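The values are calculated or read from the model by the stated rules, or taken from the named source; none is laboratory data. Since we're looking at a predicted model, the values are computed, not measured. Don't worry about glycine lacking a Cβ; one is built from the backbone with ideal geometry, like all the others, and counts go over all protein chains shown. For accessibility, only protein heavy atoms count, side chains too; no ligands or nucleic acids. Shrake-Rupley method; radii C 1.70, N 1.55, O 1.52, S 1.80 Å.
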Amino acid sequence: MTSPEHQSPDPEPTKPTGPAEPQYQDRIYRSPAGLVGGVLLLAVMGWLGVDAVFAGEGRTPWLALAAMLFLVPLVVAYTLRPAVSVNDDRLRVRNPFRVIVLPWGQVASLRSGFTNEVFTESGAKYQLWALPVSLRARSKAHRQEARAAAQAARGGGRGGRGAEGLAEGPRRHESDRAMDEMRELHERRQGAEAAQGEVTVRWAYEIAAPAVAGAVLLAVLFAVG
């Protein structure tokens, strides 16, 4: 009686190789001060508006509703809505009333002055509302840099304390650091095939429509006396 033939185990199936994961996940930049201010404004408006609607007399409830319909979208647009998100392929700018998507190949430069702005190859300019400029923080960083350089020059031979302060660098504002990171990514990715395409602009009708409706309702209420 012959023994059963020894069978070797089946080889493990090879796993299909899918597309590589993006090297740079979406990074979102927003203004913490804008978020806090927007939440506080909405809380105050909601408290006053609800009180006027339920406790007001005559036309007061209608005026309160129209004012809230007009003001709430504007507060959201200028405080909570602005954001800038970036990844390996594109820069997405969400401003109060528009959303602009710019492939890195279409970005000419990112500039910082009194505002932070992005310029396209065609010459168009878009402001980055989510990254407000702090001139005070910028001047403070420049003073710290100058002081560290002076300390390095004086104390280079006395334990290197000045050089250590210079290495640490000045404390820059969050928006300036964000712009530096985006410039670095733009330099690395502007020639990549996946970072090419057309600039797209979409208007935020979900913000504009209720604000316009509230303004019309307010005008009608004031007109009828």
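Say whether the condition of being aliphatic (A, V, I, L, M), touching a residue at least 40 places away in the same chain (Cβ under 8 Å) and over 17 Å from ALA178 (Cβ atoms) is met by at least one residue in the stretch 103-123. No.
Just to be sure before I move on: is ASP89 exposed (fewer than 15 other Cβ atoms within 10 Å of the Cβ) and in contact (Cβ under 8 Å) with a residue 24 or more places away in the chain in the structure I sent? It is false that ASP89 is exposed (fewer than 15 other Cβ atoms within 10 Å of the Cβ) and in contact (Cβ under 8 Å) with a residue 24 or more places away in the chain.
Residue count for the stretch 92-109 satisfying the condition of being within 10 Å of the chain's Cα centre (by Cα) and either open to solvent by 10 Å² or more (accessible area, probe 1.4 Å) or within 19 Å of LEU41 (Cβ to Cβ) (or both): 3. Total residues in the stretch 170-180 satisfying the condition of being outside any loop (DSSP other than H, G, I, E, B) and either in contact with a Leu (Cβ under 8 Å, 6 or more places away or on another chain) or surrounded by 14 or more Cβ atoms within 10 Å (Cβ to Cβ) (or both): the figure is 5.
Set side by side, the residues ARG94, ARG59, ARG98 differ, and just one is over 30 Å from GLU184 (Cα atoms) and among the basic types (Lys, Arg), which is ARG59.
Checking the structure you have, find out if any residue of the stretch 66-86 is farther than 30 Å from ALA215 by Cα, in contact with a Leu (Cβ under 9 Å, 6 or more places away or on another chain) and at pLDDT 95 or above. Looking through the stretch 66-86, at least one residue is farther than 30 Å from ALA215 by Cα, in contact with a Leu (Cβ under 9 Å, 6 or more places away or on another chain) and at pLDDT 95 or above.
For (1) closer than 30 Å to VAL201 by Cβ; (2) assigned to a strand (DSSP E or B); (3) modelled with pLDDT of 95 or more; (4) of a type outside the set (Asp, Glu), each residue gets a yes or a no:
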{"residue": "VAL101", "(1), (2), (3), (4)": "yes, yes, yes, yes"}
{"residue": "ARG136", "(1), (2), (3), (4)": "no, no, no, yes"}
{"residue": "GLU145", "(1), (2), (3), (4)": "no, no, no, no"}
{"residue": "ALA150", "(1), (2), (3), (4)": "no, no, no, yes"}
{"residue": "GLY157", "(1), (2), (3), (4)": "no, no, no, yes"}
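The residue that is surrounded by the most Cβ atoms within 10 Å (Cβ to Cβ), among those in the stretch 110-124 that are hydrophobic (A, V, I, L, M, F, W, C) and outside any strand (DSSP E or B), is ALA124.
The residues in the stretch 24-56 that are outside any helix (DSSP H, G or I) and either open to solvent by 70 Å² or more (accessible area, probe 1.4 Å) or over 29 Å from VAL84 (Cβ atoms) (or both) can be counted, and the count is 6. Residues in the stretch 57-79 that are open to solvent by less than 50 Å² (accessible area, probe 1.4 Å) and touching a Phe, Trp or Tyr at 6+ places or on another chain (Cβ under 9 Å): PRO61, LEU63, ALA77.
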